[in-house]
Amino acid sequence: MTPGSKPFTPEFDATLRDRDLAKARQDIAIGRWQGLPELLHSTGRDWDRRTHRVRLLAQSTAGTTIAEEWYTARPGDPDALVLRADTEVLRCFNLAVAAGDPGAVGQDRLDRAVRTCLRAADAHPHDPVPWVSLLTLARLYPGGHRQFNRWWKELILRHRDNREAHNQALRHVSARWHGTHGTMYDFARDVVDSTAPGSPLSVLLQVSRLEEYRYRLEREGDMALFLRRHWSTDVALADTRRTWDTWVVNWDGIYRAQDVADFNYLLHATCAGGLYNEAGYLFKLLAGQATVVPWSYFGDPATVITRWHRTVMRQLGP
């Protein structure tokens, strides 16, 4: 830290500075749903922001009856059904996580959640969010749901660049769930090959690398010595530079709903890969905005990102 400069203090905000979303989540915490209709209505067809908002709202409503209360009060509101569907999906995941076993959810409950998602898709035909919900839920079926590919096609017809859907699909084909490291990387590279310059989807390369790291560390522990160079191999560095050239170099400077989360993935890759000039640029761009993942995979997230900030600044000099 240079003399007179402010200490680096990361800001972890799950809403990614979406103040209207933050207020809605506060309302949910005190048992109010009345602000939710206007929030989602005002989002319009900004599908990136709508997906982000519904998923964060569902995280808040999963432990409450708010989604059901809104739907009961306004059964004709498609947004109420969309949120109710995603809420039920997250409840299924919460149950699986609590039990440490995806099978703990039970086939009947999974099937009911699928039917709720399909009703939401019928109620809001242009909305990609119910299909994101279905792609998420598919992971909990043994071997994956047989309709996964059809659901993916329906999603692409509505919003081909949906960040959350791509992240869910990537995890679906990962070794942790229903694929392998190879199928996961192939999926990410196919997406990047077809994505337009300036698209944050190129960061799927870094999401894949993080997913492999987490998976192998859990299974191999300290014996996974290769993980020390996981971010600095020729392939890893080529992928990081590719994301930089595809996305950051062509970025229009307009923050989309989830860009901060994607920039954090890329920031970690530049730090761990020793690309300090790029890391310094991203630290400046983010101005302290941080997300728990990926930093939490390496310890306390605030401590980890602060340590990397100190390392990068020291390498770059005054």
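The values are calculated or read from the model by the stated rules, or taken from the named source; none is laboratory data. For clarity, every value in this text was computed on a predicted model and none was experimentally measured. Cβ: placed from backbone, ideal geometry, glycine included. Neighbour counts: every protein chain shown. Surface accessibility is based on the protein's heavy atoms, side chains included, excluding ligands, DNA and RNA. Shrake-Rupley method; radii C 1.70, N 1.55, O 1.52, S 1.80 Å.
Coupling constants for the range 94-108 follow from the phi torsions by the Karplus curve (6.51 cos²θ - 1.76 cosθ + 1.60, θ = phi - 60°), and in residue order they are 4, 5, 5, 5, 4, 8, x, 7, x, x, 5, 5, x, 4, 4 Hz; glycine and proline get x.
Largest accessible area first, the listed residues Asp190, Asp111 line up as Asp190, Asp111 when surface is computed with a 1.4 Å probe on the assembled protein chains. What you get for the chain, charging only the Cβ of Lys and Arg (+1) and of Asp and Glu (-1), is a dipole of about 280 debye around the Cα centre.
About the centre of its Cα atoms, the range 55-150 shows a dipole size close to 260 debye [charges on the beta carbon of Lys, Arg (+1) and Asp, Glu (-1) only; nearest 20 debye]. Farthest toward the positive end of the dipole of the chain, out of Tyr255, Gly103, Pro318, is the Cα of Pro318, where the dipole comes from beta carbon charges about the Cα centre. Candidates Pro75, Trp152, Thr61 compared by Cα position along the dipole of the chain: farthest toward the positive end lies Thr61, with charges placed on Cβ.
In this structure, the amide hydrogen of Gln289, modeled 1.01 Å from its nitrogen in the peptide plane, lies closer than 5 angstrom to those of Glu11, counting only residues at least 5 positions away or on a different chain.
When Lys and Arg each count +1 and Asp and Glu each count -1, what net charge do the other residues less than 15 Å away from His124, Cβ to Cβ, add up to?
Details: positive: Arg45, Arg50, Arg53, Arg74, Arg84, Arg119, Arg158; negative: Asp46, Asp77, Asp79, Asp86, Asp122, Asp127, Glu154.
Net of charged neighbours comes to 0.
Within the straight-line cut-off of under 23 Å between alpha carbons, the lysines reachable from Lys284 are Lys6, sequence neighbours fewer than 8 places apart in one chain being disregarded.
Using the crude model of +1 on Lys and Arg Cβ and -1 on Asp and Glu Cβ, and no other charge, please compute the dipole size for the range 66-211 relative to its Cα centre, in debye to 20.
Working: 18 positive and 18 negative charges, 57 e Å.
With Lys and Arg at +1 and Asp and Glu at -1, about 280 debye.
May I ask you to list the GluC sites (Glu not before Pro) in the range 1-104 that are in a DSSP loop and have at most 14 other Cβ atoms within 10 Å of their Cβ? Working shown, then result.
Details: sites: Glu11, Glu38, Glu68, Glu69, Glu88; in loops: none.
Sites meeting the loop and neighbour criteria: none at all.
Within the range 137-168, what residues put their amide N at less than 13 Å from the label point 7 Å along the Cα-to-Cβ vector of His126? Once the point is set 7 Å along Cα→Cβ of His126, 158-159 turn out to lie under 13 Å by backbone N, inside the range 137-168.
In what order, largest first, do Met313, Met184 sit by accessible area if the probe radius is 1.4 Å? Intermediate values should be presented prior to the final figure.
On the way: Met313 65, Met184 0 Å².
So, going from the largest accessible area down, we get Met313, Met184.
Using the 1.4 Å probe convention, the accessible area of the range 158-293 works out to 42 Å² per residue with neighbouring protein chains retained. Centre-to-centre separation between the Cα atoms of the range 1-53 and those of the range 131-189: 26 Å.
In this rough spin-label picture, where each label sits 7 Å from Cα along the Cβ direction, the Asp252-Glu38 distance is 2.9 nm. Binning the C-alpha pair distances of the range 123-235 at 10 Å intervals from 0 yields a P(r) profile of 14, 41, 31, 12, 2, 0 %, listed from the shortest bin outward.
For the range 1-120, how big is the tail of P(r) above 16 Å, as a whole percent of Cα pairs?
When every Cα pair of the range 1-120 is considered, 65 percent fall beyond 16 Å.
With all protein chains in place and a 1.4 Å probe, the accessible surface of the range 174-318 carries 53 percent carbon and sulfur. The phi torsions of the range 199-208, fed into the Karplus equation with coefficients 6.51, -1.76 and 1.60 and a -60° offset, translate into couplings of 8, x, 4, 5, 6, 4, 4, 6, 4, 4 Hz, rounded to whole numbers, with Gly and Pro shown as x.
The share of alpha-carbon pairs in the chain lying farther apart than 35 Å comes to 22%. From helices alone, the chain scores -19500 deg cm²/dmol at 222 nm; the rule is -39500 (n - 2.57) for each run of n ≥ 4 DSSP H residues, then divide by the residue total. For the range 243-318, what class follows from the C-alpha gyration tensor (a ≥ b ≥ c being the square roots of its eigenvalues): rounded when a/c is under 1.5, otherwise prolate if a/b is larger than b/c, else oblate? Taking the square roots of the gyration eigenvalues as a ≥ b ≥ c, the range 243-318 is oblate.
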